[in-house]
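Heads up, the thing below is written out as structure tokens.
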Amino acid sequence: MWTYFAEWLQFGVRWLHVVTAIAWIGSSFYFIALDLGLRKPHGAPMVGVGGEAWQVHGGGFYHIQKYMVAPPHMPEDLTWFKWESYATWLSGFALLFLVYYLGAELYLIDPAKADLPAWGATLIGLLGLGLGWVVYDAICKSPLRNNDSALLGVLFVYVVAASFVFSQLFSGRGAMLHTGAMIATIMTANVAMLIIPNQKIVVADLKAGRTPDPRLGAAAKQRSLHNNYLTLPVVFLMLSNHYPLAFATEWNWVIAGLVLLIGAVVRHFFNTMHKTGQQLWWCWAVAGILFAAVITLSGAPGWRAAPGSEPTAAETSLDFPADPQVALARSAHFTEAESIVQSRCSMCHSRAPLWPGISHAPKAILLETGRDIVLNASLIDRQAVRSHAMPPGNITGLEPEERLALARWIRSGDGVWRP
């Protein structure tokens with residue numbers, strides 16, 4: 001029963017995490033767009049109002065005004081936007097704990113990189129999350145705080161460096177996920193440690209009849225803008241653990257850096273459009289070039305090419321049937337490949353998994369019978385031949401010679417070795 005409960009717990013927490021993240025990202029994007037799109041008030045200016053906006057939604061019209069510091073009097077009803085952020089981080093950390101810390105041997109530890117104990121890998125992960133906020137906050141309080149471009153440049157270097165360290169200690173999945181979690185921790189800490197506290201000070205000053213310090217609002221706005229530029233990379237990094245092309249390469253830390261730049265130029269396009277109406281189409285061209293670089297890196301040497309040399313003349317001259325699955329099933333290499341998959345993979349990918357804690361085959365991929373193996377040959381190729389994404393952390397000890405045998409089998413089914 002615990003296995004079923006644990007699996008549903010992960011699903012429920014993941015569901016909560018996605019929903020709260022949608023709420024947080026939506027409100028963040030909305031308020032940045034609103035702030036950048038404010039225009040000077042029409043008619044007689046109201047005291048303290050620096051901009052206004054008219055919007056239509058849901059069959060009604062909204063007239064929004066922004067006080068640059070604070071209104072003259074505190075309204076009775078004040079809506080705070082903070083729980084979206086808190087709930088996103090808390091649910092995300094719970095998911096990180098359930099999947100990567102409790103399942104460290106499967107998803108976080110790669111003995112080929114660092115043969116860490118589960119507690120050691122967990123401790124490194126937690127320290128990485130906390131250190132990210134400490135370093136970022138120190139940068140924001142340094143003289144660089146007056147130059148957002150330089151500040152974000154230094155932050156970029158730190159995040160890429162941290163991602164590299166993670167990639168040397170953790171599995172590809174664990175490295176990319178912890179890079180994203182570190183950035184997400186910075187974003188939520190911005191809300192909890194500066195944005196909300198500053199706003200509470202302003203509210204307290206108003207209630208006490210004091211004039212609020214405008215620097216408090218300016219600092220909160222700066223951190224909010226940083227969060228805006230970091231959102232898209234975080235979403236990519238959180239999704240990356242489902243795609244070996246992103247994480248199962250020794251260049252995953254470079255990919256993480258390129259994604260940071262892609263997120264920045266895409267947000268720059270929209271932020272400029274909201275503020276000035278100008279559409280900087282070159283941003284999309286740059287984003288496209290950077291994404292092409294990401295795709296190229298996913299096929300670079302770090303995305304391990306299938307082991308073995310080029311096919312022999314005998315292998316390429318055979319007359320294969322039109323249906324590659326028939327060829328795979330009839331291949332002289334199939335018996336060996338079937339034995340390897342069943343001994344290294346089927347304990348998880350079966351109708352009744354034998355691996356402790358797994359009640360259903362991951363992603364419903366079955367590798368139990370010969371027919372299962374043939375039908376999933378392309379997945380075996382991507383996950384265990386062209387990359388070492390499977391088995392996770394090579395926990396079942398799939399040997400290089402066995403990967404070579406799988407490569408020979410898949411090659412015999414195609415008749416042409418796919419580069």
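The values are calculated or read from the model by the stated rules, or taken from the named source; none is laboratory data. The structure displayed is predicted, hence computed values, not measured ones. Heads up, the Cβs are rebuilt from the backbone with ideal geometry, glycines too, and the neighbour counts pull from every protein chain shown. Only protein heavy atoms, including side chains, enter the accessible area calculation; ligands, DNA and RNA are left aside. Shrake-Rupley method; radii C 1.70, N 1.55, O 1.52, S 1.80 Å.
Tell me the label-point distance for the pair residue 138, residue 66, using the 7 Å Cα-to-Cβ offset, in nm and rounded to one decimal.
Label at residue 138, label at residue 66, 3.3 nm between them.
Using only Cα atoms, find the angle between the long axis of helix 334-344 and the longest principal axis of the chain, and express it within 0 to 90 degrees, rounded to the nearest 10.
50
Starting from the Cα of residue 242, step 7 Å along the direction of its Cβ; do the same at residue 33; then give the gap between the two resulting points in nm.
2.4
Quick one: helix 252-276 against the long Cα principal axis of the chain, what's the angle to the nearest 10°, folded into 0 to 90?
30
Rounded to the nearest Å, what's the spacing between the alpha carbon centres of the stretch 330-355 and the stretch 76-128? Just the number, please.
32
Pairs on different chains or at least eight residues apart, Cα atoms closer than 16 Å: how many lysine pairs in the chain fit?
Pairs that pass both the separation and distance tests number 9.
In debye, nearest 20: dipole of the chain around its Cα centre with unit charges on the Cβ of K, R (+) and D, E (-)?
Numbers: 29 positive and 27 negative charges, 282 e Å.
Here the size comes out at about 1360 debye.
Averaging sequence separations of C-alpha pairs under 8 Å and six or more residues apart, then dividing by the length of the chain, give the relative contact order as a whole percent.
15
For residue 157 and residue 97, compute 0.36 nm times the residue count separating them, minus their Cα-Cα distance, and round to one decimal in nm.
18.9 nm
Relative to the longest principal axis of the C-alpha atoms of the chain, give the angle of the C-alpha long axis of helix 118-140, reported between 0 and 90° and rounded to the nearest 10°.
Between helix and principal axis, roughly 30 degrees.
Roughly how many debye, to the nearest 20, is the charge dipole of the stretch 65-149 about its Cα centre, given +1 on each Lys and Arg Cβ, -1 on each Asp and Glu Cβ, and no other charges?
I would put it at about 260 debye.
For n ≥ 4 DSSP H runs only, could you compute -39500 (n - 2.57) per run for the chain, divide by its residues and tell me the 222 nm figure to the nearest 500?
-19500 deg cm²/dmol
Charges on Cβ only, +1 for Lys and Arg, -1 for Asp and Glu, centred on the Cα centroid of the chain; of 276, 98, 208, which one is farthest towards the dipole's positive end?
Going by the Cα projections, it comes out as 208.
How large is the accessible surface of residue 231 in square angstrom, using a 1.4 angstrom probe and rounding to the nearest 10?
The accessible area of residue 231 comes to roughly 10 Å².
Pop a pseudo-label 7 angstrom from the Cα along the beta-carbon direction at both residue 145 and residue 326 and give the gap in nm to one decimal.
The modelled label-to-label distance comes out at 7.3 nm.
To the nearest Å, what is the center-to-center distance of the stretch 222-258 and the stretch 10-45, using C-alpha atoms only?
With the stretch 222-258 and the stretch 10-45 each reduced to a Cα centre, they are spaced 20 Å.
Given a 1.4 angstrom probe, what's the average accessible area per residue across the chain, in square angstrom?
Numbers: 22150 Å² over 419 residues.
That works out to 53 Å² per residue.
Order the following by accessible area, largest value first: 229, 62. Probe radius 1.4 Å; ligands, DNA and RNA are ignored.
62, 229
Carbon and sulfur atoms: what percent of the 1.4 Å accessible area of the stretch 42-199 do they account for?
The nonpolar share, carbon plus sulfur, comes to 67 percent.
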